[in-house]
């Protein structure tokens, strides 16, 4: 159960505010409901956005208790500033896929097709983890094929740079793009509208999610309990059910 923030109401000792990467929306909604069911009186509020945006909010003093990011980079920056309690811990993995509409009018079959003139591609901005992962895939393909112009031709076909993988998937779902590079779990969430074209393992970047308790947490014991639950056998089973790999 996803609960909205309570404006004007003082937080209780059992309240927990979790900042989580947008690609965790479905699975963390489920995990928070299960966590609350096991802890009567606990109340979890989830705030989703791109990992860099959430990191910046924590740097600016936002009252988060837990930070769950789509990479280790953002939490590491907070560690360097002394804003997390301990080192971030991995809790899930993901893969990058090429998402296309079910009908696929552009007939996209592989990464090679992304360089065709007229193809409309959408990827995330470079500062967002999935945007960095997408560029790593494209650069790796260019190296593997020896095509010196591939990357430039693909980037020339980018119709927009989105702020999250969910934003990329939405553009493809709406027919505003022929393809997008997203997480495999994004296509699972949109299975009725999208299908995934697998990317070879040799081109896959290491997509590892990590999380930690925020030093300024109002309820660090409860926050640590949530982190422990997500990484427990029960939590990992839920993550697997939503398409995430084990850390």
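No value in this document is a laboratory result; all are computed from the given coordinates. Fair warning: this is a prediction, and the values are worked out from it, not measured in the lab. Every residue, glycine among them, receives a Cβ derived from its backbone with ideal geometry; neighbour counts consider all protein chains shown.
Things to note:
- The stretch 187-240 and the stretch 36-68 have Cα centres lying 14 Å from one another.
- Estimated Rh, the stretch 170-247: Kirkwood, alpha-carbon pairs, angstrom: 15.3 Å
- Entry note, the chain: the mean residue ellipticity at 222 nm calculated from DSSP H runs of n ≥ 4, each adding -39500 (n - 2.57), is -10500 deg cm²/dmol after division by the residues and rounding to the nearest 500.
- Cα-based helix-to-principal-axis angle, 220-230 vs the chain, degrees rounded to 10: 40 degrees
- Extension gain from residue 143 to residue 39, taking 0.36 nm per residue of separation minus the Cα-Cα distance: 32.3 nm
- Entry note, the stretch 61-134: relative contact order of 21 percent, from Cα contacts under 8 Å with a spacing of 6+ residues.
- Binning the C-alpha pair distances of the chain at 5 Å intervals from 0 yields a P(r) profile of 1, 7, 14, 18, 17, 14, 11, 8, 6, 3, 1, 0 %, listed from the shortest bin outward.
- Highest mean packing comes first when the peptides 107-114, 52-59 are listed by Cβ atoms within 10 Å, giving 52-59, 107-114.
- Cα-projected label distance for residue 112 with residue 62, points at 7 Å along beta-carbon direction, nm: 4.3 nm
- Shape of the stretch 135-193, Cα gyration tensor, a/c cut at 1.5: prolate
- When you count the other C-beta atoms within 10 angstrom of each residue and take the mean per peptide, 131-142, 77-88 line up highest first as 131-142, 77-88.
- Potential lengthening of the chain between residue 160 and residue 26 amounts to 45.8 nm, from the contour at 0.36 nm per residue minus the alpha-carbon distance.
- In a fully extended conformation the segment linking residue 221 and residue 152 would gain 19.9 nm over its present Cα-Cα distance, using 0.36 nm per residue.
- Pairs of Cα atoms nearer than 8 Å and 6+ residues apart set the relative contact order; for the chain it is 29 percent.
- Treating each Cα of the stretch 96-203 as one equal point scatterer and applying the Debye formula with no solvent, the log10 of I(q)/I(0) at q = 0.12, 0.19, 0.21 Å⁻¹ comes out as -0.33, -0.87, -1.08.
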